[in-house]
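Take a look at the structure below.
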Amino acid sequence: MKRSISLLSFVLSSLLLTSSCNSSNTTGGINFQLNAPEFSEKIASTPGGVVLDVRTPGEFEQGHIANATNISWNDPTFDGKINNIPKTTPIFIYCLSGSRSMSAANFMRNNGYSNVYELMGGIMKWSAANLPITTDSSVKKVAGMDLASFKELTKGDKIVLVDFYADWCLPCKKMEPFLNEIANEKKEKVTLIRINADEQSELCKSLKIDALPYLQLYKNEELMWEKVGFIDKMGIEKEIDLIKF
């Protein structure tokens, strides 16, 4: 199967899915978008299913759902690798926050896979629900920042702008340039801290951050404002200006 052949149908179906992000993908009364507990229960009750992690190999090595197979959605040979999975097999697909897995699931459905279940909110929601994550014992885990260390970063008289991001997150990438501009233009009053959610998964869990991008503003350790999702430069500056300096 050629990935390019299904590009048009993939784009059209993606638009349909993303037009209502909170609605479930249902076919014939079956819900194919499941929250973390439902996803876990469905895996346990479905013999012969394949758990498919579509994150990068580096993300996968740092922790994944038990017995998952890793085929990165960013891999240009993704379509060739999934050919090894029979199209009638139940597929349980996930990524970090749900964006890549939604695209991959949509692509697979358009290419004949009829039973593709998505983990809504990705492994971030799975972790937030205290469901088990496994890792290979030979893999060295990235050192994480604890909550106490994070709180130290929010101390001081300057306003602290915290940006939780991931390298694969397109809105995060779009926001990065003007976040840096804000930090430079307002350096007398604002400190920018960028935290990679992939590398700091335990910290995100402690802070109950389960979606990206995620921004916070602190002053003297006090959380003054937070925002999930994309926001433009003007919107961030407006929130900064509301904080007395």
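Computed from the coordinates by the stated procedures, all read-outs in this text should not be read as laboratory data. Note that this is a predicted model, so its numbers are computed, not measured. Here Cβ is always computed from backbone atoms with ideal geometry, including for glycine, and neighbour counts include all displayed protein chains.
Using C-alpha pairs under 8 Å with a sequence gap of at least 6, the mean separation divided by the residue count of segment 147-241 gives a relative contact order of 39 percent.
Computing FRET efficiency as 1/(1 + (r/R0)^6) for residue 153 and residue 77, where r is the C-beta to C-beta distance and R0 is 41 Å, gives about 0.55. Which links in 173/208; 125/151; 42/227; 174/227; 125/244; 187/233 stretch past 27 Å when you go from one Cα to the other? Distance filter (> 27 Å) returns 42/227; 125/244. For the peptides 222-232, 188-198, the ranking by mean Cβ contacts within 10 Å, running from highest to lowest, is 188-198, 222-232.
If R0 is taken as 35 Å, the Cβ-Cβ distance between residue 129 and residue 234 corresponds to a FRET efficiency of 0.45.
Computing FRET efficiency as 1/(1 + (r/R0)^6) for residue 181 and residue 223, where r is the C-beta to C-beta distance and R0 is 25 Å, gives about 0.60. Remark on residue 92: its backbone amide H falls under 5 Å from those of 50, 51, 52, 117, a criterion applied only to residues 5 or more positions apart or on other chains, H modelled at 1.01 Å from N. Karplus-derived 3J(HN,Hα) values for segment 228-244, using 6.51 cos²θ - 1.76 cosθ + 1.60 with θ = phi - 60°, are 9, x, 5, 9, 7, 4, 4, x, 5, 4, 4, 5, 4, 5, 6, 8, 5 Hz; glycine and proline are entered as x.
Residue 190 sits among other residues whose Cβ lies under 15 Å from its own Cβ, and their net charge, with Lys and Arg +1 and Asp and Glu -1, is +2.
For a straight C-alpha distance cut-off of 18 angstrom, the aspartates and glutamates reachable from residue 81 (same-chain residues fewer than eight places away being disregarded) are 53. Projecting label points 7 angstrom from Cα along Cα→Cβ for residue 206 and residue 146 puts them 0.7 nm apart. Derived from the Cα gyration tensor, the three semi-axes of the equivalent ellipsoid of segment 147-241 are 19, 17, 11 Å, largest first. Overall, the anisotropy analysis places segment 75-119 in the oblate class: the square-rooted eigenvalues a ≥ b ≥ c of its C-alpha gyration tensor yield a/c not less than 1.5, with a/b not exceeding b/c. Between segment 54-104 and segment 216-244, the alpha-carbon centres lie 35 Å apart. The length gained by stretching the chain between residue 189 and residue 136 to full extension, at 0.36 nm per residue less their Cα-Cα distance, is 14.7 nm.
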